[in-house]
Amino acid sequence: MKFKKLAVYSNKILLPLIIGILLIFSLPVQASSGIPTRIKIPKIKVDIALESVGLNPDGVVGVAKGLGNGAWYNIGVRPGDNGSAVINGHYGRLKNGKMGVFTNLNKLRKGDKIYTKDYDGLVTTFVVREIRKYDLKTDATEVFFANDDNSHLNIVTCEGVWNKITKTYSNRLVVFADKE
């Protein structure tokens, strides 16, 4: 008799639970892109490795340790996923005498192509939508967030006049691109 009650009880609980789980797993889910490893921008002859960075202890987004690399902001989304993925790179003449990887970013125009490659070899294509300049005092949080369900890539570098005291440039240049 106990087994019969248990079987009825199990059917009342387990059957809806199993159906619920099956429904959840049958819903369309956005496949997550892999960790980005490279960025290629043919127009300005950029083809570089990407490092994964977060925030520095002072709350500022990290930059690539390798002067010839770019940096993907790993607290945000991956390139190809919905939202705004952010990649930054050095600008201007560096300590090693070479030019920063994104020194020519200002030469991009609307419609130019940008490619990211992830750890699994998947290449995602982005198309430049617009380019904006921000001074250091301007709130640029929009660079890190998207208000739609699309995939964006925002590339950030410095620009302007070098300040020897603060050891930074006067502006930030941001290229906004959308997944093709």
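The values are calculated or read from the model by the stated rules, or taken from the named source; none is laboratory data. The structure presented is a predicted model; accordingly, all values stated were derived computationally and were not measured. Don't worry about glycine lacking a Cβ; one is built from the backbone with ideal geometry, like all the others, and counts go over all protein chains shown.
Okay, here's what the table says:
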read-out	value
Subset of segment 123-151 [closer than 18 Å to residue 51 by Cα and either at pLDDT below 95 or polar (S, T, N, Q) (or both)]	124, 144
Some residue of segment 99-107 being part of a strand (DSSP E or B), modelled with pLDDT under 95 and within 19 Å of residue 43 (Cα to Cα)	yes
Tally of residues being over 14 Å from the mean Cα position of the chain (by Cα) and acidic (Asp, Glu) across segment 35-61	2
Breaking point among (1) farther than 19 Å from residue 158 by Cβ; (2) loosely packed, with under 14 Cβ neighbours inside 10 Å, for residue 112	(2)
So residue 123, is it among the hydrophobic types (A, V, I, L, M, F, W, C), within 11 Å of the chain's Cα centre (by Cα) and more than 20 Å from residue 158 (Cα to Cα)	no
Every residue from segment 121-180 that is hydrophobic (A, V, I, L, M, F, W, C), free of Cβ contacts under 8 Å to residues at least 24 places away in the same chain and in a strand (DSSP E or B)	123, 161
Identity of the residue in segment 100-120, of a type in the set (Ser, Thr, Tyr) and under 16 Å from the mean Cα position of the chain (by Cα), that ends up farthest from residue 169 (Cα to Cα)	119
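Residue-by-condition table, conditions (1) in contact (Cβ under 8 Å) with a residue 40 or more places away in the chain; (2) in contact with a helix residue (DSSP H, G or I) (Cβ under 6 Å, 6 or more places away or on another chain); (3) closer than 21 Å to residue 160 by Cβ:
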residue: 69; (1), (2), (3): no, no, no
residue: 72; (1), (2), (3): no, no, no
residue: 80; (1), (2), (3): yes, no, no
residue: 83; (1), (2), (3): yes, no, no
residue: 95; (1), (2), (3): no, no, yes
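The rows are residues; the columns are (1) of a type outside the set (Phe, Trp, Tyr); (2) within 18 Å of residue 91 (Cα to Cα); (3) surrounded by 20 or more Cβ atoms within 10 Å (Cβ to Cβ).
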{"residue": "139", "(1), (2), (3)": "yes, no, no"}
{"residue": "147", "(1), (2), (3)": "yes, no, no"}
{"residue": "151", "(1), (2), (3)": "yes, no, yes"}
{"residue": "160", "(1), (2), (3)": "yes, yes, no"}
{"residue": "167", "(1), (2), (3)": "yes, yes, no"}
{"residue": "170", "(1), (2), (3)": "yes, yes, no"}
{"residue": "174", "(1), (2), (3)": "yes, yes, yes"}
{"residue": "179", "(1), (2), (3)": "yes, no, no"}
